[in-house]
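Report on the structure given below.
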Amino acid sequence: MDKKLFRKHCIEKLRQISPRAYYKKDKIVMKRLCDEIRRAHAHTIMLYIPLAIEVDIMPLIKRLKRQKKILYVPFMQGESFRLVQYKLPLETRQFGISEPRHSQPSKINRIDLAIIPVIGIDSAMKRIGFGRGMYDRFYEKEQTKIKKIVFVSRVLCRCSHKITDHYDIQADKMIAPEKIVVRKRERRFKVQQSSVD
């Protein structure tokens, strides 16, 4: 299976999830993200403003704002994006993505934790997204500033062999409702079993 067919397969799996199941799945992922943020002692965090098919992390963003974390989200710019501080109000722009309306470029020295939505992953723990390459182009320029990367999705859609390209983003961890997958140094998978609340 190539990347294009695998992406189509994963999107179909995501679309089969009933709207009733979204809340429960998203709640599990957000609890695991909270644990990850705490373990990483993350203060400066890159997040995303979710599309309907992605894990809705808006309750997590509100919680982190109350904790005085420094939060950055993508702001579309050409074929890639730049990071801006998360603040209200939001407005819907290109590709139906919501972004802070009044955004100024941010000088960022370091991101403790980047939380990135995925459609699926391959055997190298690399990201399969919507195919526009925006995250890949951003990461190519900014990777030295990012300490740790965590992928999230409502379903663990994983290809058993490598189908990504050299420029695709690789995660340290993948968090889904079913499992947490950790990338080992030798690039094999280690699965953490977590209790589901």
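Nothing in this text is a laboratory measurement; each read-out follows from the coordinates by a stated rule. What you are looking at is a predicted structure, and each value in this text was computed from that prediction instead of being measured. Glycine also receives a Cβ, built like all others from the backbone with ideal geometry; neighbour counts cover every protein chain displayed.
Which of the peptides 125-135, 37-47, 150-160 is most tightly packed, and how do the rest follow, going by the mean number of other Cβ atoms within 10 Å of each residue? Present the calculation step by step, with values, prior to reporting the outcome.
Values: 125-135: 19.0, 37-47: 16.9, 150-160: 21.1.
Descending packing order for the listed peptides: 150-160, 125-135, 37-47.
Close amide H partners of GLY120, meaning residues 5 or more places away or on another chain with modelled amide H under 5 Å apart, are ILE128.
Each residue, LYS8 and GLU142, gets one label point 7 Å from its Cα in the Cβ direction; the gap between the two is 3.2 nm. At an R0 of 30 angstrom, the distance between the Cβ atoms of ARG93 and LYS184 translates into a FRET efficiency of 0.20. The 3J(HN,Hα) values that the Karplus relation (6.51, -1.76, 1.60; θ = phi - 60°) gives for the stretch 8-24 are, in residue order, 4, 4, 5, 4, 5, 4, 5, 6, 7, 6, 6, x, 5, 7, 3, 4, 5 Hz. Gly and Pro appear as x. Does the chain come out rounded, prolate or oblate, given a ≥ b ≥ c as the square roots of the eigenvalues of its C-alpha gyration tensor, rounded meaning a/c under 1.5 and, failing that, prolate meaning a/b above b/c? Taking the square roots of the gyration eigenvalues as a ≥ b ≥ c, the chain is rounded. May I ask you to list the GluC sites (Glu not before Pro) in the stretch 26-84 that are in a DSSP loop and have at most 15 other Cβ atoms within 10 Å of their Cβ? Here the GluC sites (Glu not before Pro) that fit, given the DSSP loop and packing criteria, are GLU79. Derived scalar couplings between HN and Hα for the stretch 56-70 equal 7, 9, 4, x, 5, 4, 4, 5, 5, 4, 5, 7, 6, 6, 8 Hz in order, rounded to whole Hz, by the Karplus curve 6.51 cos²θ - 1.76 cosθ + 1.60 (θ = phi - 60°), x for Gly and Pro.
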